[in-house]
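For reference, the structure discussed in these notes is given below.
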Amino acid sequence: MKDQVYNFLLTIPKGKVVTYGKIAEALGDKKLARVVGNVLHRNPDEKKYPCYKVVNAKGELSKNFAFGGIEEQKNRLEKDGIVVKNYKVDLEEYGI
């Protein structure tokens, strides 16, 4: 499953985010959102696999973002043109 998760990250367009649950659902079982999170926390190549584009079901950023914390995730999203307010992204506007 981990390769599927990492490959899914490559399909997220610039300026868009996805939730853990949406990735799990796309891979066949929406109940595996927590497993997706665990896989992303072990991302072997942050430059190749943009895990910063993954947020929770409410659009909230990860307090434990593996590559520099929540501020770094916020900075990377904003660099992609995504508006982040109070460490949250509007899924209606930016979600896929």
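Laboratory data are not the source of any read-out in this text; all were calculated from the coordinates shown. Remember, predicted model here, so these are calculated numbers, not experimental data. Because the Cβ atoms are built from the backbone with ideal geometry, glycine has one as well, and the counts that use them run over all protein chains shown.
Enter the angle in degrees (range 0 to 90, nearest 10) between the Cα long axis of helix 69-79 and the first principal axis of the Cα atoms of the chain, meaning the one along which they spread out most. On a 0 to 90 degree scale, this one is about 70.
State log₁₀ I(q)/I(0) for the chain at q = 0.13, 0.22 Å⁻¹ as given by the Debye formula over alpha-carbon point scatterers of equal weight, solvent excluded. Debye curve over Cα of the chain, log10 I(q)/I(0) at q = 0.13, 0.22 Å⁻¹: -0.36, -1.14.
Helical content alone sets the calculated 222 nm signal of the chain at -11000 deg cm²/dmol, taking -39,500 (n - 2.57) per DSSP H segment of four or more residues and averaging over every residue. The magnitude of the dipole of the stretch 2-94, with charges of +1 and -1 set on the Cβ of Lys/Arg and Asp/Glu and taken from the Cα centre, is near 140 debye.
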